[in-house]
Each structure stands twice: as structure tokens, then as C-alpha cells.
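Only one structure is covered here, and it is reproduced in the block below.
Values in this text are rule-based calculations from the coordinates and carry no lab data. Nothing here was measured: the structure is a model prediction, and the numbers come from that model. Cβ atoms come from the backbone with ideal geometry, glycine included; neighbour counts cover every protein chain shown.
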Amino acid sequence: MSRSFDWCVKRASDPANSSFSDRDWSSAVEIPSESFYNKMMNERYNYTITGHNDIGKEVIYKINVELNPETEFDYFTYEACLHDGTLLFIGELLEKCLKKVIFLNTYNKKYGPPPNGCQVNIKIGNFIALSEYNKEFAPDEKPWLVERTTVLLPLSIRYE
């Protein structure tokens, strides 16, 4: 197991740091992020994004991504869902986590959103996935949704 795994499980298990402390993280698994990232980004680790902020002002960021499951992490982004056990849903959770990172839809609250024009240095760890099975998860109208999957992606983000 990498630092990604140990850090996420410890952080997610701590009720002072996570709303996921009610889950049994002892059965979580680590999934390497590199193949998913490369599939989505065609091995691009440096890129520029432009867009508009909340008040309509144009923003531009230079992004530098490093995949390193052994780095010192600051926080994790996550996705979770109830499903019927189809593996497609887990793949979608992995993709949603990465999209948050790629499009800067996540940031460390300690630093706030990145200032316009800065370089954003992002270190990504490996995914940590936890699947749990319980009939109590299923809503009455969808009794087949007995699997709950939570995916964490540990991150370190710095602005220059």
C-alpha cells in the first residue's frame, strides 16, 4: 500500500476530519490513478485552462500535474453512489473525481480558490475505493441498489 492508501484511510476514519468515518475502511482497496488520468488526458501533465469565475470575469490557469502516490497530501476529493454492483458505476466515480481535479473544481479550503493567472501545481495520489453491501442502503423505490461505493482521491495543491 502507498501513502495514498494509509493517508486516506486514516483521514476518512477520523470523525473530526471526515463525514465518512461511519464506514469500515478496513476493506478499502487502492486503485492506481495513472491509467485513468492518461486515458482522460492523453498523458498531458501541463496544460492551460481558461473560463469565467462566479462573477463572470475571465480567468486563466496554468496547470502542472504530478502523479505521486507517495507525496504529502493536504486533502481528498471524493465521489460516492448507491448502485446495483455494475462495475461501470465505479469507473464513473473515478472519472468524476479526476474531472474535479482537471477542471479545478476542487481546491484546498485552507488556500481558497486559485488566484487568476497563477500556476496551479497538483499532486495526485492513487484512488482509494470502498464498496459496502447492505440492503438498508437501498431506497424503497429501488431495492436493487444495495451497494454503496465511495472513492477518494488524495491531493496536494499549491499556487505560484
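Out of the residues in segment 106-124 that are basic (Lys, Arg) and exposed (fewer than 12 other Cβ atoms within 10 Å of the Cβ), which is nearest to residue 82 (Cα to Cα)? The selected residue is 109. For segment 46-57, state whether one or more residues are out of contact with any Phe, Trp or Tyr (no Cβ under 7 Å at 6 or more places or on another chain) and either buried (at least 18 other Cβ atoms within 10 Å of the Cβ) or under 24 Å from residue 133 (Cβ atoms) (or both). Within segment 46-57, none of the residues are out of contact with any Phe, Trp or Tyr (no Cβ under 7 Å at 6 or more places or on another chain) and either buried (at least 18 other Cβ atoms within 10 Å of the Cβ) or under 24 Å from residue 133 (Cβ atoms) (or both). Considered as a group, the residues in segment 1-40 that are hydrophobic (A, V, I, L, M, F, W, C) and part of a strand (DSSP E or B) include one that is nearest to residue 95 (Cα to Cα), and that residue is 31. Applying the criterion of at least 3 residues that are more than 17 Å from the chain's Cα centre (by Cα) and either over 18 Å from residue 12 (Cβ atoms) or hydrophobic (A, V, I, L, M, F, W, C) (or both) to the strands (runs of 3 or more DSSP E) found wholly in segment 41-160 leaves 46-52, 58-67. The sole residue among 103, 127 that is hydrophobic (A, V, I, L, M, F, W, C), surrounded by fewer than 14 Cβ atoms within 10 Å (Cβ to Cβ) and either farther than 25 Å from residue 55 by Cβ or in contact (Cβ under 8 Å) with a residue 24 or more places away in the chain (or both) is 103.
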